[in-house]
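Remarks on the structure that follows.
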Amino acid sequence: MRIVAAKDYNDMSRKAANIVAGQIFLKPNSVIGLATGSTPLMMYKELIRMSAEDGLDFSEATTFNLDEYIGLSTDNINSYHYYMYNNLFNHVNIKKENIFIPNGMTSDIEKECMDYEEKIRQRGGIDLQVLGIGNNGHIGFNEPDVKFEATTHQVKLDQETILANARFFDNIDDVPKYAISMGIKTIMHARKIVLLASGLNKAESLGRALYGGITPEVPASILQLHQDVTVVIDGECASFLKRMGDDTIE
Ligand code: PGA
(Lines give C-alpha, C1' and ligand atoms only; values in the text may rest on other atoms or scores of the structure.)
Protein backbone atom coordinates (compact mmCIF):
# COMPACT_ATOMS: atom_id res chain seq x y z
CA MET A 1 0.00 0.00 0.00
CA ARG A 2 1.34 3.41 -0.96
CA ILE A 3 0.25 6.54 0.88
CA VAL A 4 0.58 9.77 -1.09
CA ALA A 5 0.25 12.82 1.13
CA ALA A 6 -1.04 15.92 -0.63
CA LYS A 7 -1.03 19.46 0.74
CA ASP A 8 -4.76 20.01 0.68
CA TYR A 9 -7.98 18.94 -1.04
CA ASN A 10 -7.05 20.55 -4.37
CA ASP A 11 -3.63 18.94 -4.38
CA MET A 12 -5.16 15.56 -3.43
CA SER A 13 -7.60 15.92 -6.33
CA ARG A 14 -4.83 16.79 -8.81
CA LYS A 15 -2.72 13.83 -7.69
CA ALA A 16 -5.69 11.46 -7.95
CA ALA A 17 -6.58 12.84 -11.40
CA ASN A 18 -2.99 12.24 -12.51
CA ILE A 19 -3.28 8.59 -11.47
CA VAL A 20 -6.54 8.12 -13.42
CA ALA A 21 -5.22 10.06 -16.42
CA GLY A 22 -1.93 8.13 -16.31
CA GLN A 23 -3.88 4.88 -16.47
CA ILE A 24 -5.77 6.11 -19.56
CA PHE A 25 -2.66 7.54 -21.24
CA LEU A 26 -0.86 4.22 -20.83
CA LYS A 27 -3.87 2.08 -21.75
CA PRO A 28 -6.49 4.08 -23.66
CA ASN A 29 -9.08 1.29 -23.46
CA SER A 30 -8.82 1.03 -19.68
CA VAL A 31 -11.77 -0.01 -17.58
CA ILE A 32 -12.08 2.49 -14.74
CA GLY A 33 -14.24 2.03 -11.66
CA LEU A 34 -15.66 5.34 -10.47
CA ALA A 35 -16.93 6.73 -7.18
CA THR A 36 -19.38 9.51 -6.34
CA GLY A 37 -19.79 11.75 -3.29
CA SER A 38 -18.05 15.00 -2.35
CA THR A 39 -14.50 13.66 -2.26
CA PRO A 40 -13.86 13.03 -5.99
CA LEU A 41 -15.63 16.18 -7.25
CA MET A 42 -12.47 18.20 -7.79
CA MET A 43 -10.69 15.17 -9.27
CA TYR A 44 -13.42 15.06 -11.93
CA LYS A 45 -12.99 18.80 -12.59
CA GLU A 46 -9.28 18.22 -13.09
CA LEU A 47 -9.93 15.29 -15.46
CA ILE A 48 -12.26 17.53 -17.48
CA ARG A 49 -9.53 20.18 -17.63
CA MET A 50 -6.97 17.58 -18.74
CA SER A 51 -9.30 16.34 -21.45
CA ALA A 52 -9.76 19.91 -22.75
CA GLU A 53 -6.13 21.04 -22.44
CA ASP A 54 -3.79 18.06 -22.17
CA GLY A 55 -5.16 15.60 -24.73
CA LEU A 56 -6.64 13.19 -22.19
CA ASP A 57 -8.82 10.98 -24.38
CA PHE A 58 -11.74 9.00 -22.94
CA SER A 59 -12.97 7.72 -26.31
CA GLU A 60 -11.79 4.16 -25.76
CA ALA A 61 -12.24 4.04 -21.98
CA THR A 62 -15.01 2.18 -20.18
CA THR A 63 -16.34 3.12 -16.74
CA PHE A 64 -18.27 1.22 -14.10
CA ASN A 65 -19.66 3.13 -11.14
CA LEU A 66 -19.53 1.63 -7.70
CA ASP A 67 -23.15 2.10 -6.77
CA GLU A 68 -26.56 3.69 -7.27
CA TYR A 69 -29.52 4.39 -5.01
CA ILE A 70 -32.55 2.16 -5.47
CA GLY A 71 -35.64 4.12 -6.48
CA LEU A 72 -34.03 7.28 -7.91
CA SER A 73 -34.48 7.82 -11.63
CA THR A 74 -31.56 8.90 -13.78
CA ASP A 75 -32.87 12.49 -13.97
CA ASN A 76 -33.19 12.82 -10.18
CA ILE A 77 -30.46 15.27 -9.14
CA ASN A 78 -29.47 12.99 -6.25
CA SER A 79 -29.03 9.90 -8.39
CA TYR A 80 -25.48 8.89 -9.12
CA HIS A 81 -26.39 8.79 -12.82
CA TYR A 82 -27.15 12.49 -12.65
CA TYR A 83 -24.00 13.17 -10.61
CA MET A 84 -21.74 11.35 -13.07
CA TYR A 85 -23.15 12.96 -16.22
CA ASN A 86 -23.16 16.38 -14.58
CA ASN A 87 -19.68 16.17 -13.06
CA LEU A 88 -17.79 14.20 -15.72
CA PHE A 89 -19.44 12.40 -18.61
CA ASN A 90 -21.12 15.44 -20.22
CA HIS A 91 -17.76 17.20 -20.38
CA VAL A 92 -15.42 14.55 -21.81
CA ASN A 93 -15.43 12.41 -24.95
CA ILE A 94 -16.45 9.13 -23.33
CA LYS A 95 -18.87 7.05 -25.40
CA LYS A 96 -22.30 6.50 -23.86
CA GLU A 97 -22.15 2.78 -24.61
CA ASN A 98 -19.00 2.53 -22.49
CA ILE A 99 -20.63 3.99 -19.36
CA PHE A 100 -22.06 1.59 -16.79
CA ILE A 101 -23.93 2.53 -13.62
CA PRO A 102 -26.26 0.15 -11.77
CA ASN A 103 -29.91 0.75 -12.66
CA GLY A 104 -31.61 1.70 -9.41
CA MET A 105 -35.04 1.66 -11.08
CA THR A 106 -34.90 -1.96 -12.17
CA SER A 107 -37.79 -4.26 -11.35
CA ASP A 108 -35.39 -7.20 -10.98
CA ILE A 109 -32.55 -6.24 -8.68
CA GLU A 110 -30.98 -9.67 -8.55
CA LYS A 111 -30.75 -9.83 -12.34
CA GLU A 112 -29.40 -6.27 -12.51
CA CYS A 113 -26.61 -7.23 -10.08
CA MET A 114 -25.72 -10.42 -11.95
CA ASP A 115 -25.75 -8.58 -15.28
CA TYR A 116 -23.51 -5.84 -13.86
CA GLU A 117 -20.92 -8.41 -12.80
CA GLU A 118 -21.15 -10.06 -16.20
CA LYS A 119 -20.58 -6.74 -17.99
CA ILE A 120 -17.48 -6.08 -15.88
CA ARG A 121 -16.23 -9.54 -16.80
CA GLN A 122 -16.98 -9.06 -20.50
CA ARG A 123 -15.00 -5.82 -20.53
CA GLY A 124 -11.99 -7.64 -19.10
CA GLY A 125 -12.29 -6.58 -15.44
CA ILE A 126 -11.55 -3.27 -13.78
CA ASP A 127 -8.06 -1.88 -14.35
CA LEU A 128 -8.27 0.95 -11.84
CA GLN A 129 -10.94 1.45 -9.19
CA VAL A 130 -11.41 4.87 -7.57
CA LEU A 131 -12.74 4.76 -4.02
CA GLY A 132 -13.78 7.15 -1.29
CA ILE A 133 -14.29 6.02 2.28
CA GLY A 134 -17.29 6.58 4.55
CA ASN A 135 -17.07 7.88 8.11
CA ASN A 136 -18.07 4.34 9.08
CA GLY A 137 -15.31 2.78 6.97
CA HIS A 138 -17.54 1.78 4.07
CA ILE A 139 -16.30 1.52 0.48
CA GLY A 140 -18.95 1.74 -2.22
CA PHE A 141 -22.06 1.14 -0.14
CA ASN A 142 -20.51 -1.86 1.60
CA GLU A 143 -21.52 -1.02 5.14
CA PRO A 144 -19.99 -2.40 8.36
CA ASP A 145 -20.59 -6.14 8.82
CA VAL A 146 -20.43 -6.60 5.08
CA LYS A 147 -19.80 -10.02 3.61
CA PHE A 148 -16.32 -9.84 2.10
CA GLU A 149 -17.27 -12.45 -0.50
CA ALA A 150 -20.20 -10.47 -1.91
CA THR A 151 -20.26 -9.30 -5.52
CA THR A 152 -22.67 -6.62 -6.80
CA HIS A 153 -25.75 -6.79 -4.58
CA GLN A 154 -28.55 -4.88 -2.91
CA VAL A 155 -27.49 -3.16 0.30
CA LYS A 156 -29.44 -1.57 3.12
CA LEU A 157 -27.83 1.75 3.98
CA ASP A 158 -26.57 2.33 7.51
CA GLN A 159 -28.23 5.06 9.53
CA GLU A 160 -24.81 6.78 9.64
CA THR A 161 -24.64 6.78 5.84
CA ILE A 162 -28.20 8.09 5.54
CA LEU A 163 -27.33 10.90 7.97
CA ALA A 164 -24.09 11.68 6.12
CA ASN A 165 -25.85 11.80 2.74
CA ALA A 166 -28.89 13.73 3.98
CA ARG A 167 -26.99 16.96 3.21
CA PHE A 168 -27.75 16.44 -0.48
CA PHE A 169 -31.51 15.97 0.00
CA ASP A 170 -34.29 18.41 1.03
CA ASN A 171 -35.41 16.06 3.77
CA ILE A 172 -33.70 13.13 5.49
CA ASP A 173 -36.79 11.02 4.76
CA ASP A 174 -36.05 11.45 1.05
CA VAL A 175 -32.71 9.63 1.34
CA PRO A 176 -33.16 6.16 -0.16
CA LYS A 177 -32.75 3.30 2.30
CA TYR A 178 -31.38 0.87 -0.24
CA ALA A 179 -28.80 0.85 -3.00
CA ILE A 180 -27.12 -1.44 -5.48
CA SER A 181 -23.40 -1.62 -4.84
CA MET A 182 -20.42 -3.47 -6.20
CA GLY A 183 -19.41 -5.92 -3.49
CA ILE A 184 -16.09 -6.18 -1.72
CA LYS A 185 -15.15 -9.08 -3.99
CA THR A 186 -15.85 -6.95 -7.08
CA ILE A 187 -13.68 -4.16 -5.69
CA MET A 188 -10.89 -6.49 -4.63
CA HIS A 189 -10.72 -7.93 -8.16
CA ALA A 190 -9.75 -4.53 -9.57
CA ARG A 191 -6.11 -4.63 -10.66
CA LYS A 192 -5.32 -1.30 -9.06
CA ILE A 193 -7.14 0.78 -6.49
CA VAL A 194 -6.82 4.45 -5.65
CA LEU A 195 -8.55 5.60 -2.48
CA LEU A 196 -9.09 9.31 -1.76
CA ALA A 197 -9.64 10.77 1.68
CA SER A 198 -9.80 14.33 2.86
CA GLY A 199 -10.56 15.89 6.24
CA LEU A 200 -10.45 14.79 9.86
CA ASN A 201 -13.61 12.64 9.83
CA LYS A 202 -12.17 10.55 7.07
CA ALA A 203 -8.78 10.38 8.78
CA GLU A 204 -10.30 8.49 11.69
CA SER A 205 -12.02 5.86 9.56
CA LEU A 206 -8.96 5.63 7.32
CA GLY A 207 -6.75 5.07 10.36
CA ARG A 208 -8.95 2.18 11.47
CA ALA A 209 -8.93 0.76 7.93
CA LEU A 210 -5.17 0.98 7.42
CA TYR A 211 -3.79 0.08 10.83
CA GLY A 212 -6.54 -1.88 12.60
CA GLY A 213 -7.50 -5.51 12.15
CA ILE A 214 -9.00 -6.71 8.89
CA THR A 215 -12.64 -7.00 9.81
CA PRO A 216 -16.08 -6.72 8.17
CA GLU A 217 -16.85 -4.06 10.82
CA VAL A 218 -14.46 -1.76 8.89
CA PRO A 219 -15.10 -2.73 5.25
CA ALA A 220 -12.15 -0.70 3.90
CA SER A 221 -9.77 -2.73 6.09
CA ILE A 222 -9.90 -5.51 3.46
CA LEU A 223 -7.78 -3.23 1.24
CA GLN A 224 -4.78 -4.20 3.38
CA LEU A 225 -4.91 -7.49 1.45
CA HIS A 226 -4.91 -5.90 -2.02
CA GLN A 227 -1.54 -5.79 -3.75
CA ASP A 228 -1.84 -2.45 -5.53
CA VAL A 229 -3.55 0.26 -3.48
CA THR A 230 -2.60 3.92 -3.54
CA VAL A 231 -4.15 6.07 -0.84
CA VAL A 232 -4.15 9.78 -1.66
CA ILE A 233 -4.80 11.97 1.37
CA ASP A 234 -4.89 15.66 2.18
CA GLY A 235 -2.79 17.39 4.85
CA GLU A 236 -5.33 16.91 7.64
CA CYS A 237 -5.49 13.18 7.05
CA ALA A 238 -1.70 12.99 6.78
CA SER A 239 -1.18 14.78 10.11
CA PHE A 240 -3.70 12.50 11.79
CA LEU A 241 -2.10 9.33 10.44
CA LYS A 242 1.33 10.59 11.50
CA ARG A 243 -0.01 11.18 15.00
CA MET A 244 -1.26 7.57 14.89
CA GLY A 245 2.38 6.57 14.45
CA ASP A 246 2.77 6.20 10.68
CA ASP A 247 6.33 7.42 10.12
CA THR A 248 6.33 6.48 6.42
CA ILE A 249 4.29 9.56 5.49
CA GLU A 250 6.37 12.52 4.39
P1 PGA B 1 -18.03 11.56 0.46
O2 PGA B 1 -18.51 10.07 0.60
O3 PGA B 1 -17.00 11.60 -0.59
O4 PGA B 1 -19.28 12.32 0.08
O5 PGA B 1 -17.51 11.98 1.79
C6 PGA B 1 -17.59 9.04 0.49
C7 PGA B 1 -18.25 7.75 0.90
O8 PGA B 1 -19.19 7.79 1.71
O9 PGA B 1 -17.83 6.69 0.43
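The values are calculated or read from the model by the stated rules, or taken from the named source; none is laboratory data. In this text the structure is predicted, and so the values were computed from the model without any measurement. Reconstructed Cβ throughout: ideal geometry from the backbone, glycine too, with neighbour counts over all protein chains shown. What goes into the accessible areas is simple: the full protein's heavy atoms, side chains included, and nothing from ligands, DNA or RNA. Shrake-Rupley method; radii C 1.70, N 1.55, O 1.52, S 1.80 Å.
Below is a table of values for the structure above.
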read-out: Within the accessible area of the chain (1.4 Å probe), percent carbon and sulfur; value: 48
read-out: Rounded if a/c under 1.5, otherwise prolate or oblate - region 112-230, Cα gyration tensor axes; value: oblate
read-out: For region 109-151, diffusion coefficient by Stokes-Einstein and Kirkwood Rh (Cα), 4 °C, 1.567 mPa s, µm²/s; value: 107
read-out: The chain: antiparallel DSSP beta bridges as a percent of all, rounded to 5; value: 30
read-out: Spacing of the two label points (7 Å from each Cα toward its C-beta) at residue 211 and residue 122, in nm; value: 4.6
read-out: Accessible area per residue in Å² at 1.4 Å probe, computed on the chain; value: 46
read-out: Along principal axes, Cα extents of region 47-108, largest first, whole Å; value: 41, 21, 15
read-out: Two-decimal Rg to Rh for region 63-148 - Kirkwood Rh, Cα set; value: 0.95
read-out: Kirkwood estimate for region 1-89, i.e. one over the average of 1/r between Cα atoms, Å; value: 13.9
read-out: Solvent exposure ordering (accessible area, 1.4 Å, most first) of 247, 11; value: 247, 11
read-out: Lys, Arg +1 and Asp, Glu -1 on Cβ, resulting dipole of region 1-53 about Cα centre, debye, nearest 20; value: 100
read-out: Built amide H within the under 5 Å cut-off of residue 34, gap 5+; value: 64, 65, 66, 130
read-out: Radius of gyration and Dmax over the Cα atoms of the chain, both given in Å; value: 16.9, 50
read-out: Exceeding the 26 Å Cα-Cα cut-off - candidates 27/147; 147/202; 111/147; 7/96; 15/111; 7/192; value: 27/147; 7/96; 15/111
read-out: Modelled FRET efficiency - R0 30 Å, residue 75 with residue 54, Cβ distances, 0.05 increments; value: 0.45
read-out: Spatially proximal aspartates and glutamates relative to residue 242 (Cα-Cα < 16 Å; intrachain offsets below 8 disregarded); value: 8, 204, 234, 250
read-out: Separation of alpha-carbon centers, region 147-178 and region 62-117, rounded to whole Å; value: 16
